[in-house]
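Have a look at the structure below before the remarks.
The values are calculated or read from the model by the stated rules, or taken from the named source; none is laboratory data. The structure presented is a predicted model; accordingly, all values stated were derived computationally and were not measured. Note that each Cβ is placed from the backbone with ideal geometry, even for glycine, and that neighbours are counted across all protein chains shown.
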Amino acid sequence: MLGFCERCHEMTEYTIRDEKKQKNIKGKSIEYTGKEAYCNECESEIFVSDIRDYNLAMLEKAYREKEGLISVSEIEIILEKYDVGKRPLSLLLGWGEGTLTRYLEGDIPAKQYSDMLKKILDDSNYLKEILEKNKDNITDVAYRRICSALQKNGTETDTSIESEDKIDYVVKYLLANSVDITPLALQKLLYFSQGFYKAFTGEYLFYNNCEAWVHGPVYRSIYYKYKDHGYNPIEEKDYEYGDIKLTAVEKELLDSIVRNFGCYSGKVLEKMTHAEEPWRATRTGLSDNEGSDRIIDKELIAKYFNEIKSKHGMLNTSDIRDYSTDFFNKLYN
Ligand SMILES: [Zn+2]
């Protein structure tokens, strides 16, 4: 790569190196790993605008993580989960109507605003309270859409205060019905569950989006929940599986996922998802070890698993076996 070296006074080849960096933001010291370009002739630093942008993005990410601020993709999940637009939700929260638009474009929210959003993401009862209080701020149509989304999410005013998401039930069911599942394997089983459920029923099993991380598709909230296990299996004492609200159709699909994919290690499953189109397409332009929080578009997943289903002529969920064994044989023989 060529850049202008101030010291050599000409365009020279440069080399990029990773570098630990530190910067103060709002009085807090933030450490992050950035990059720097060095002239191949004289070894002095060279300014490259792409590298500056990259460093800014890494710094911002480190700041959000350190402060526990909500990410852009989590805000997108809120909008999807409650079937609400960014403008109505801003108004509902008593903010300026363009506030969420700015956050979605990358502006960093103040801690207080971020905490409200996180609370809404985790707890639909909290949104329900706000909705009843501020419904005059939004149109009837927007109000009704949120109400029906809340109903779908299973919120009841007078029953449970803490509502669990569908994905939490799916996780419990997968854990309760398999052995030696590591967090890595769990992520892949969730992904296959989502894909095949959509292919067989036309519906998504849960609303959550997954991201195209280095080791395959990852559902972020589940990642945080189990990340302390590292590469060790999640033990029975680590979850309560008494209360699992799933339909017979959902359970049947999950049984087939456990039977046909649960027998492989997390690493084998990772290799499978790496070979599949949705993860690959989403990571276009990234190198193998490059971190990313890009969301794998649900429609990509839907399209891919639909094609798998027709290609293998699958009629019912037990036919998933054809795909998993074929796949394994292709990868390892
Ligand atoms: Zn130079």
Quick one: in the range 20-30, of everything that is at pLDDT 90 or above and surrounded by 12 or more Cβ atoms within 10 Å (Cβ to Cβ), which residue is farthest from the ligand (Cβ to nearest atom)? 30
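Of the residues that sit in the range 1-10 and are part of a strand (DSSP E or B) and without any contact (Cβ under 8 Å) to a residue 40 or more places away in the chain, which one is farthest from residue 42 (Cα to Cα)? Spell out the reasoning first.
At the first step, the residues of the range 1-10 found to be part of a strand (DSSP E or B) are 2-5, 10.
Cutting the leftovers down to without any contact (Cβ under 8 Å) to a residue 40 or more places away in the chain gives us 2, 10.
On the way: 2: 14, 10: 11 Å.
Filtering first and then ranking leaves 2.
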For the range 123-138, state whether one or more residues are outside any helix (DSSP H, G or I) and not β-branched (Val, Ile, Thr). yes
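Taking the range 36-52 on its own, how many of its residues are of a type in the set (Gly, Ala, Ser) and within 16 Å of the ligand (Cβ to nearest atom)? Working first, answer last.
Keep residues of the range 36-52 that are of a type in the set (Gly, Ala, Ser), which gives 37, 44, 49.
Next, only the ones that are within 16 Å of the ligand (Cβ to nearest atom) stay: 37, 44.
Counting residues in the range 36-52 that are of a type in the set (Gly, Ala, Ser) and within 16 Å of the ligand (Cβ to nearest atom) gives 2.
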From the option list 13, 31, 41, single residue qualifying as in the same structural domain as residue 59 (by TED's automatic domain parsing) and not in a strand (DSSP E or B) is 41
Just wondering, is there one or more residues in the range 284-301 that are in contact with a helix residue (DSSP H, G or I) (Cβ under 9 Å, 6 or more places away or on another chain), over 30 Å from residue 57 (Cα atoms) and outside any loop (DSSP other than H, G, I, E, B)? no
Subset tally (residues that are within 33 Å of the chain's Cα centre (by Cα) and on the phi > 0 side of the Ramachandran plot) for the range 1-40: 2
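With the range 208-280 as the region, which helices (runs of 4 or more DSSP H) entirely inside it contain at least 2 residues that are within 24 Å of residue 121 (Cα to Cα)?
The qualifying helices (runs of 4 or more DSSP H) are 220-226.
Considering only the range 1-19, how many residues are among the basic types (Lys, Arg) and surrounded by 13 or more Cβ atoms within 10 Å (Cβ to Cβ)? Give the steps one after another, and end with the answer.
Step one: of the range 1-19, the residues among the basic types (Lys, Arg) are 7, 17.
Next, from what is left, pick out any that are surrounded by 13 or more Cβ atoms within 10 Å (Cβ to Cβ): 7.
Counting residues in the range 1-19 that are among the basic types (Lys, Arg) and surrounded by 13 or more Cβ atoms within 10 Å (Cβ to Cβ) gives 1.
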With respect to the numbered conditions (1) under 30 Å from residue 14 (Cβ atoms); (2) out of contact with any helix residue (DSSP H, G or I) (no Cβ under 6 Å at 6 or more places or on another chain); (3) at pLDDT 90 or above, which one is the sole condition not fulfilled by residue 132? (1)
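The rows are residues; the columns are (1) among the acidic types (Asp, Glu); (2) within 16 Å of the ligand (Cβ to nearest atom); (3) in a helix (DSSP H, G or I).
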site: 54; (1), (2), (3): no, no, yes
site: 57; (1), (2), (3): no, no, yes
site: 66; (1), (2), (3): no, no, yes
site: 74; (1), (2), (3): yes, no, yes
site: 79; (1), (2), (3): no, no, yes
site: 94; (1), (2), (3): no, no, no
site: 107; (1), (2), (3): yes, no, no
site: 115; (1), (2), (3): yes, no, yes
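Starting from residues that are in contact (Cβ under 8 Å) with a residue 40 or more places away in the chain and touching a strand residue (DSSP E or B) at 6+ places or on another chain (Cβ under 7 Å), keep the ones in the range 31-60 and report whichever is surrounded by the fewest Cβ atoms within 10 Å (Cβ to Cβ).
For the range 31-60, the residue satisfying everything is 48.
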Collect the residues in the range 296-333 that are of a type in the set (Ser, Thr, Tyr) and either out of contact with any Asp or Glu (no Cβ under 8 Å at 6 or more places or on another chain) or surrounded by fewer than 18 Cβ atoms within 10 Å (Cβ to Cβ) (or both), keeping them in residue-number order. 310, 318, 323, 324, 325, 332
